[in-house]
Amino acid sequence: MPIECAHVRNGSGAGMGQKPDDWRVVPLCREHHGQQHTVGEQTFWKGIDVEALIEAFCKASPKAHEIKEAQSQ
């Protein structure tokens, strides 16, 4: 099943119609990415610490230094 980058708007400060920063993503299969959009992020991520997931992926990224700089701006 294909994996897609799912942007996480909750906690991003991005308003409606605005895409969150590209580092605020988590990998989801196509089915769950669609579900995230259908049910809404608050419902989809209920009981999951999505901020911890984002942080872990950012720290593991080869671009971690660039992400840290973007986060501080």
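Quick notes on this one:
- When residue 26 is tested against the conditions (1) open to solvent by less than 60 Å² (accessible area, probe 1.4 Å); (2) part of a helix (DSSP H, G or I), the lone failure is (2).
- Boolean, residue 24 is within 13 Å of the chain's Cα centre (by Cα) and of a type in the set (D, E, K, R): yes
- Number of the condition not met by residue 17 [criteria: (1) free of Cβ contacts under 8 Å to residues at least 12 places away in the same chain; (2) surrounded by 15 or more Cβ atoms within 10 Å (Cβ to Cβ)]: (2)
Residue-by-condition table, conditions (1) open to solvent by 40 Å² or more (accessible area, probe 1.4 Å); (2) in a helix (DSSP H, G or I); (3) among the charged types (D, E, K, R); (4) in contact with a Ser or Thr (Cβ under 9 Å, 6 or more places away or on another chain):
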residue: 34; (1), (2), (3), (4): no, yes, no, no
residue: 46; (1), (2), (3), (4): yes, no, yes, no
residue: 52; (1), (2), (3), (4): yes, yes, no, no
residue: 55; (1), (2), (3), (4): yes, yes, yes, no
residue: 66; (1), (2), (3), (4): yes, yes, yes, no
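The values are calculated or read from the model by the stated rules, or taken from the named source; none is laboratory data. Remember, it's a predicted structure, so these values are computed and weren't measured experimentally. Positions of Cβ are generated from backbone atoms using ideal geometry, with glycine treated the same way; all protein chains shown enter the neighbour counts. Ligands, DNA and RNA are stripped out before the accessible areas are found, and what is left, the full protein with its side chains, is counted by its heavy atoms. Shrake-Rupley method; radii C 1.70, N 1.55, O 1.52, S 1.80 Å.
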